[in-house]
Amino acid sequence: MFGQSQSPPTPPELKAQLTTAMLDMAGCLEPIYDAADGMRRDLEARGWSPTMAETCAGTWLASTLAAVAGGGK
């Protein structure tokens, strides 16, 4: 394990690792996207205009994704 020289991953191995990581991230973010969709629908059901509901939900989504990307800071 330690002290052993490892060869760098090949391009196909890197592609596979990146693909897996992206699919994992998409799965982790799905509840956040669902919450933003629910927020938009709820605001519209409360009488907000579709444009304003989309703006509010989009702003919340963008700030939440930024917090996730920044480690919650």
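The values are calculated or read from the model by the stated rules, or taken from the named source; none is laboratory data. As the structure is a computational prediction, the values presented were derived from the model and not from experiment. A quick note on method: Cβ atoms are made from the backbone with ideal geometry, for glycine too, and the neighbour counts reach across all protein chains shown. In case anyone asks, the SASA skips ligands and DNA or RNA and just uses the protein heavy atoms, side chains included. Shrake-Rupley method; radii C 1.70, N 1.55, O 1.52, S 1.80 Å.
The table below lists the values:
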quantity	calculated
The chain, Rg to Rh (Cα coordinates; Rh as Kirkwood inverse mean 1/r)	1.27
Per-pair calculated FRET efficiency, R0 = 25 Å: Ala26 and Thr51 via Cβ, rounded to 0.05	0.35
Positive-end residue of Gly47, Ser63, Pro31, charge dipole of the chain with Cβ unit charges	Ser63
Gln6 versus Asp37: modelled label distance in nm, points set 7 Å from Cα along the beta carbon direction	3.7
Cα-based helix-to-principal-axis angle, 50-69 vs the chain, degrees rounded to 10	30
Phi-based couplings in Hz for segment 25-35 (Karplus 6.51, -1.76, 1.60; Gly and Pro marked x)	5, 4, x, 5, 8, 4, x, 5, 4, 5, 5
Mean separation of Cα contacts under 8 Å, 6 or more apart, over the residue count of the chain: relative contact order %	24
FRET efficiency for Leu14 and Thr59, using Cβ-Cβ distance with R0 set to 35 Å, rounded to 0.05	0.50
Residue-normalised accessible area of segment 3-73, given per residue in Å² at a 1.4 Å probe	77
Net charge contributed by nearby residues that have their C-beta within less than 14 Å of Ala36 (K/R +1, D/E -1)	-4
